[in-house]
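Peer 1: Here it is: the structure, laid out below.
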Amino acid sequence: MKRFLLFLLFIGCIVMAQAEAISFKTTKLCNDVATPINTTVEQYFQITATASALEAPMSIYLTGANADQFALSVETIEAGTSTTKIYVAFRPTKIGELKAFVNFESPTDSLNQGFSIKAMAYDPANPPTITIDHANITNFTVNAGKQQQQSFIVTTKNLLDWSGTIIIKEQSTPGTYILSSTTLQKNATQTFTLTFSPKQKGTFTATIEASALLAESVSFQVTGICANDVDPEQKEGDELIIDESDPLALYMCTFDETPRNGALQNYNGWTNVATKGTRAWWGYEFDGDACAKVTPYVYGATNESECQMILISPALKANTEVPHLGFDIRGDFLMEGQVGIFEVLYIEVEGSELYLEPIQMALPHTEEESGMWIPYVMDLTGQNIAPVFHIGFSFTGLRGPHSETYYVDNFTWGHPLNIPNSVETTTTPSVQTRKLLRDGQVIILRDNKAYNILGIEL
C-alpha cells in the first residue's frame, strides 16, 4: 500500500510540473484579392490558439500603423488548457496593402509572441487604372550586335501599393527586347525605354503588357528587323598594362561616371581586364547611384565558357598617414554551391610579373546575402605590403546561364574610416606563397617551387 501511495504522489508531481505552452495556426478565410473601403469582413482571418497549462490569462491586442483597420473577436485567453478560435475582422478606410501586428502577451515572458497580418483594400469609386501612350513607337531597324531604343509613356492611377508591373510577353526570340524597368508606381506618369538588341538576322516581335491588381491590363505589340548577322564578339575592357608611375596616398572612387550596362574602359586609372573570355566589368546604377558590376550571365544561353574578369585599382602608396582601405560589395542572385567565385585581391607588380593573392575575408556568397550592400573596412597599419600596391576585384566562373552578380562601390584609400573592433584586419600575402598571372594562366609560387592551379608541380 505504501508503494501505491508513493506512485500516486509521483504522478501528481508530473502533472504539477507540466510546462506552460501556446501555439498558433492562422488561416485566411476571405478569398477576395482586395476589399472595398468602408466595408467590413468580420472573419477575414482565423487564428486558432492552443494553450496548455497557462498559469495566468493571456492578452491579445493589435499594434502597427494600420492596427485601426482590423479588429479582434477575442482579446483574452483564459488560464489553463484550451483551444480558442480568434477571428480578425478587416475594416478598411483607405486603399492599398494594410498591415498590423497581432500580439499575445502573458506574465510569463517566454510565452510572449506575435505575427503580422496584411490585407488589400481598394476604392470602387476610384478603381486602379493604367493607360499606355505608344504612338511614337515605330518598327525597330538595326544590325545584329547593335542596339536601338525607343520610349513610351505609362500613366497609372490608384494602384494598390506596388502591385503594378510591366513586362515583355510573347517574344519571338527571348532576350531580343529589354525594358528599362518593370515596376509601375501607384499614381504617376512614367517614361519607359524599350531596347531592341538582336543577336542575329531576322524579324522579331514582342508584346508589352502593363497590369496591376484590379486594373484592366493594357498592351501593345512591337516589331524589330535585323538585316545583318552579328559580328564576332569583341573582347571588352583594357589591355593588362599596370601603371605604377604615380601612386596615390589618398584616393576615393564612387564610380559616378560609369556607363550604365557598358564595359568600363580606360576608367580613371582602373584596369579592367578579361583574362579569360571576352566579358569584363561593366558600369551599373541603383536608383541613380553608379557602381561597377560583374556577371557571367548571358540571356538565353544554352552553353558555357570559362570567364575571368579582374578590375584593378590605380596604384596606391603604402606610405600614407592613415592606411585605411574601404569599399562596398553587393551580391545578387547568389546561392550555395554557385559556380562563380568572387575574390578581393592584393596585387604587387615586379618588373613584368603580376602577383595576385586573395585576401581572406567573408564575402557574400549565399542566397540570404543577396541584395545587400556590405561595407568592408581594413586597417593596414603594420602590414607587410609593398611600397606601391593595387587592390583587385576578381570574378572567375562560367559564362552562360549562371546569374550570380557582384557590384563594387565607394572605394577609398588613405582616408580615416570607422574600423569596428570586431573586424579583424586582413592578412597580406606571405613571401613564401604567391600567385603569378602569366600569359593568362595562374601559376602558384610556394617555397621557390612553381605549381599550376591544380597543385601539380611544374
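The values are calculated or read from the model by the stated rules, or taken from the named source; none is laboratory data. This is a predicted model, so every value here is computed, not measured. Cβ placement follows ideal geometry from the backbone for every residue including glycine, while neighbour counts extend to all protein chains displayed.
Peer 1: It is to be established whether one or more residues within region 206-213 are part of a loop (DSSP other than H, G, I, E, B), surrounded by 15 or more Cβ atoms within 10 Å (Cβ to Cβ) and either at negative phi or not acidic (Asp, Glu) (or both).
Peer 2: Of the residues in region 206-213, the ones part of a loop (DSSP other than H, G, I, E, B) are 212-213.
The next check asks that each one be surrounded by 15 or more Cβ atoms within 10 Å (Cβ to Cβ); those that pass are 212-213.
Imposing the further condition that a residue be either at negative phi or not acidic (Asp, Glu) (or both) reduces the set to 212-213.
The answer is yes; a qualifying residue exists.
Peer 1: Suppose we keep only residues that are assigned to a loop (DSSP other than H, G, I, E, B) and among the hydroxyl-bearing types (Ser, Thr, Tyr) within region 139-172. Which one would you say is farthest from Gln221 (Cα to Cα)? Walk me through how you get there before you give the answer.
Peer 2: Step one: filter region 139-172 for residues assigned to a loop (DSSP other than H, G, I, E, B), giving 139, 142-147, 158-164, 170-172.
After this cut, where a residue has to be among the hydroxyl-bearing types (Ser, Thr, Tyr) as well, the list is 163, 172.
On the way: Ser163: 23, Ser172: 12 Å.
Checking each candidate, the answer is Ser163.
Peer 1: Another one. Which of the residues spanning region 334-381 are touching a Phe, Trp or Tyr at 6+ places or on another chain (Cβ under 7 Å) and among the polar types (S, T, N, Q)?
Peer 2: Residue satisfying the conditions is Ser370 alone.
Peer 1: Return the residues of region 190-244 that are over 22 Å from Ala301 (Cβ atoms), among the acidic types (Asp, Glu) and outside the structural domain of Pro174 (by TED's automatic domain parsing); say none if nothing qualifies.
Peer 2: If the condition is that a residue be over 22 Å from Ala301 (Cβ atoms), among the acidic types (Asp, Glu) and outside the structural domain of Pro174 (by TED's automatic domain parsing), then Asp238, Glu239, Asp243, Glu244 are the ones that fit.
Peer 1: Please find, among Val442, Val431, the residue that is outside any strand (DSSP E or B) and at pLDDT below 90. First the steps, then the outcome.
Peer 2: Working: Val442 fails: outside any strand (DSSP E or B).
The match here is Val431.
Peer 1: To continue, here is another question. Pairs please, first residue from region 139-154 and at positive phi, second anywhere and modelled with pLDDT under 95 and part of a loop (DSSP other than H, G, I, E, B), Cβ atoms under 7 Å, 6+ apart in sequence or on different chains.
Peer 2: That search, which allows pairs on different chains as well, returns Gly145/Val230; Gly145/Asp231.
Peer 1: Here's a follow-up. For region 173-185, how many residues are β-branched (Val, Ile, Thr), modelled with pLDDT of 85 or more and assigned to a loop (DSSP other than H, G, I, E, B)?
Peer 2: Kept after step one, since they are β-branched (Val, Ile, Thr), are these residues of region 173-185: 173, 176, 178, 182-183.
Cutting the leftovers down to modelled with pLDDT of 85 or more gives us 176, 178, 182-183.
Then keep just the ones that are assigned to a loop (DSSP other than H, G, I, E, B); that gives 176, 182.
Going through region 173-185 one residue at a time, the tally reaches 2.
Peer 1: Return only the number of the condition from (1) surrounded by fewer than 17 Cβ atoms within 10 Å (Cβ to Cβ); (2) of a type in the set (Val, Ile, Thr); (3) over 27 Å from Asp123 (Cα atoms) that Thr27 does not satisfy.
Peer 2: (3)
Peer 1: Within region 158-176, how many residues turn out to be among the acidic types (Asp, Glu) and either closer than 10 Å to Phe204 by Cβ or in contact with an Asp or Glu (Cβ under 7 Å, 6 or more places away or on another chain) (or both)? Outline the logic, then answer.
Peer 2: So in region 158-176, the residues among the acidic types (Asp, Glu) come out as 161, 170.
Pick out the ones that are also either closer than 10 Å to Phe204 by Cβ or in contact with an Asp or Glu (Cβ under 7 Å, 6 or more places away or on another chain) (or both) and you get 161.
Of the residues in region 158-176, 1 are among the acidic types (Asp, Glu) and either closer than 10 Å to Phe204 by Cβ or in contact with an Asp or Glu (Cβ under 7 Å, 6 or more places away or on another chain) (or both).
Here is a yes/no grid of residues against (1) on the phi < 0 side of the Ramachandran plot; (2) free of Cβ contacts under 8 Å to residues at least 12 places away in the same chain; (3) touching a Leu at 6+ places or on another chain (Cβ under 7 Å); (4) crowded, with 21+ Cβ neighbours inside 10 Å:
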residue	(1), (2), (3), (4)
Asp256	yes, no, no, no
Arg260	yes, no, no, no
Gly288	no, yes, no, no
Gly331	yes, no, no, yes
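Peer 1: While we're looking at this one, here's another question. Take the conditions at pLDDT 90 or above and either assigned by TED's automatic domain parsing to the domain that holds Phe333 or in a loop (DSSP other than H, G, I, E, B) (or both) and apply them to Ser394. Does it pass?
Peer 2: Working: at pLDDT 90 or above: yes; either assigned by TED's automatic domain parsing to the domain that holds Phe333 or in a loop (DSSP other than H, G, I, E, B) (or both): yes.
Yes.
Peer 1: Between a first residue in region 61-82 that is of a type in the set (Lys, Arg) and a second residue that is surrounded by 13 or more Cβ atoms within 10 Å (Cβ to Cβ), which pairs have beta carbons less than 9 Å apart while being 6 or more apart in sequence or on different chains?
Peer 2: Partner pairs satisfying both residue conditions: none exist.
Peer 1: Spot the failing condition for Thr39; the list is (1) within 36 Å of the chain's Cα centre (by Cα); (2) within 23 Å of Ala212 (Cβ to Cβ), and only one is missed.
Peer 2: Of (1) within 36 Å of the chain's Cα centre (by Cα); (2) within 23 Å of Ala212 (Cβ to Cβ), only one is false for Thr39: (1).
Peer 1: Follow-up question, since we're still on this one. Go through (1) within 26 Å of the chain's Cα centre (by Cα); (2) assigned by TED's automatic domain parsing to the domain that holds Thr93; (3) surrounded by 13 or more Cβ atoms within 10 Å (Cβ to Cβ) for Phe115 and report which single condition fails.
Peer 2: (3)
Peer 1: For residues in region 333-358 being within 18 Å of the chain's Cα centre (by Cα) and on the phi > 0 side of the Ramachandran plot, which is surrounded by the fewest Cβ atoms within 10 Å (Cβ to Cβ)?
Peer 2: Among residues in region 333-358 that are within 18 Å of the chain's Cα centre (by Cα) and on the phi > 0 side of the Ramachandran plot, the one surrounded by the fewest Cβ atoms within 10 Å (Cβ to Cβ) is Gly337.
Peer 1: Being assigned to a loop (DSSP other than H, G, I, E, B), under 30 Å from Glu321 (Cα atoms) and either in contact with a helix residue (DSSP H, G or I) (Cβ under 6 Å, 6 or more places away or on another chain) or among the aromatic types (Phe, Trp, Tyr) (or both) is the requirement here; does Tyr267 meet it?
Peer 2: It is true that Tyr267 is assigned to a loop (DSSP other than H, G, I, E, B), under 30 Å from Glu321 (Cα atoms) and either in contact with a helix residue (DSSP H, G or I) (Cβ under 6 Å, 6 or more places away or on another chain) or among the aromatic types (Phe, Trp, Tyr) (or both).
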